[in-house]
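The values are calculated or read from the model by the stated rules, or taken from the named source; none is laboratory data. Small disclaimer: the values here were computed from a predicted structure and weren't measured. Virtual Cβ from ideal backbone geometry, glycine too; neighbours counted across all protein chains shown.
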Amino acid sequence: DVKVTQSSRYLVKRTGEKVFLECVQDMDHENMFWYRQDPGLGLRLIYFSYDVKMKEKGDIPEGYSVSREKKERFSLILESASTNQTSMYLCASTPSRAGGVYEQYFGPGTRLTVT
Amino acid sequence: GESVGLHLPTLSVQEGDNSIINCAYSNSASDYFIWYKQESGKGPQFIIDIRSNMDKRQGQRVTVLLNKTVKHLSLQIAATQPGDSAVYFCAEIGGTALIFGKGTTLSVSS
């Protein structure tokens, strides 16, 4: 089974702190994604990556950055956490197939609270 | 921009009933659609997918219907069980990433 793991299930940080959210997948997938999920807004794409050291902005990249130094690991960084970044963060991965991106495998999520 | 939405935010059914969850999409160029199930405290899990060259696809107790004429997608769950209670998302391929709908919460009562 594909497994996507996230470093923390619950995290509480203070405003202004630098926050690292880690995601690891064990199926040698090329593509990895970071979403945030908020009530009434659904899943919104923050950043994604198609290869090591490669990143692309999603729909809401402001206030976030990412790092992909190894194929299996995709990190989301909040440079200076703010209260409006309190949310559920979901990581996903998918293999590349001819014709595009297909089914995404999700991690369990990290619920981040910024106080 | 493109968006994927669901008609109802919540749906309540009795155990044993059939459930139908609907989704409208706006990008007529989308060629791949997925339904996800998200249980409380967990990440979304793949249920079933369908390509645009198909009208119907069946899985175990689930059926997805695609009507490209009206850009409508539905998920049918047969003999709904309490374990089916969850949030259900439809998603479409929009370029290089999936575009998700906001979700329908399905509640199943015994």
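Restricting B:ALA97, B:ALA86 to those that are touching a Leu at 6+ places or on another chain (Cβ under 7 Å), modelled with pLDDT of 95 or more, within 14 Å of chain A (Cβ to nearest Cβ) and crowded, with 19+ Cβ neighbours inside 10 Å reduces the list to B:ALA86. Taking each residue of segment A:1-29 that is within 18 Å of A:GLY63 (Cα to Cα) and looking for partners that are among the basic types (Lys, Arg) and assigned to a strand (DSSP E or B) with beta-carbon atoms closer than 6 Å, six or more apart or interchain, yields A:VAL19/A:LYS13.
May I ask you to list the residues in segment B:30-74 that are part of a strand (DSSP E or B) and out of contact with any Lys or Arg (no Cβ under 9 Å at 6 or more places or on another chain)? Please lay out each step first, then the result.
Within segment B:30-74, the subset part of a strand (DSSP E or B) is B:32-38, B:45-51, B:56-58, B:62-67, B:72-74.
Correct list: B:ILE34, B:TRP35, B:TYR36, B:LYS37, B:GLN38, B:LYS56, B:GLN58, B:VAL62, B:ASN67, B:HIS72, B:LEU73, B:SER74.
For first residues located in segment A:51-68 and polar (S, T, N, Q), partners that are in a loop (DSSP other than H, G, I, E, B) and lie 6+ apart or on another chain with Cβ distances below 9 Å form the pairs A:SER65/A:LYS55; A:SER65/A:GLU79; A:SER67/A:LYS53; A:SER67/A:LYS55. The number of residues in segment A:96-115 that are facing another protein chain (nearest Cβ under 7 Å), part of a strand (DSSP E or B) and modelled with pLDDT of 65 or more comes to 1.
Under 13 Å from the mean Cα position of the chain (by Cα), closer than 21 Å to B:LEU98 by Cα, modelled with pLDDT of 95 or more and hydrophobic (A, V, I, L, M, F, W, C): is that true of A:VAL24 in this structure? Here the answer is yes, as A:VAL24 does meet what is asked.
Only one of the listed residues (B:GLN38, B:GLN45) is under 26 Å from A:TYR10 (Cα atoms), loosely packed, with under 14 Cβ neighbours inside 10 Å and in contact with a strand residue (DSSP E or B) (Cβ under 6 Å, 6 or more places away or on another chain). That residue is B:GLN45.
Is there a residue in segment A:78-85 that is within 11 Å of chain B (Cβ to nearest Cβ) and in contact with a Phe, Trp or Tyr (Cβ under 9 Å, 6 or more places away or on another chain)? Break it down stepwise before answering.
The first filter runs over segment A:78-85 and keeps only residues within 11 Å of chain B (Cβ to nearest Cβ), leaving none.
No, that holds for no residue.
Of the listed requirements (1) closer than 17 Å to A:MET88 by Cβ; (2) touching a strand residue (DSSP E or B) at 6+ places or on another chain (Cβ under 7 Å), A:GLU56 misses just one: (1). Here segment A:6-51 is the region considered, the condition is being of a type in the set (Val, Ile, Thr) and surrounded by 13 or more Cβ atoms within 10 Å (Cβ to Cβ), and the residue that is nearest to the other protein chains (Cβ to nearest Cβ) is A:ILE46. Set side by side, the residues B:GLY43, B:GLY103 differ, and just one is among the small types (Gly, Ala, Ser), at negative phi and within 14 Å of another protein chain (Cβ to nearest Cβ), which is B:GLY43.
Is segment B:60-76 home to any residue that is surrounded by fewer than 20 Cβ atoms within 10 Å (Cβ to Cβ), touching a residue at least 12 places away in the same chain (Cβ under 8 Å), more than 25 Å from B:VAL108 (Cα to Cα) and within 14 Å of chain A (Cβ to nearest Cβ)? Within segment B:60-76 (the criterion being surrounded by fewer than 20 Cβ atoms within 10 Å (Cβ to Cβ), touching a residue at least 12 places away in the same chain (Cβ under 8 Å), more than 25 Å from B:VAL108 (Cα to Cα) and within 14 Å of chain A (Cβ to nearest Cβ)), the answer is no, since none of the residues qualifies.
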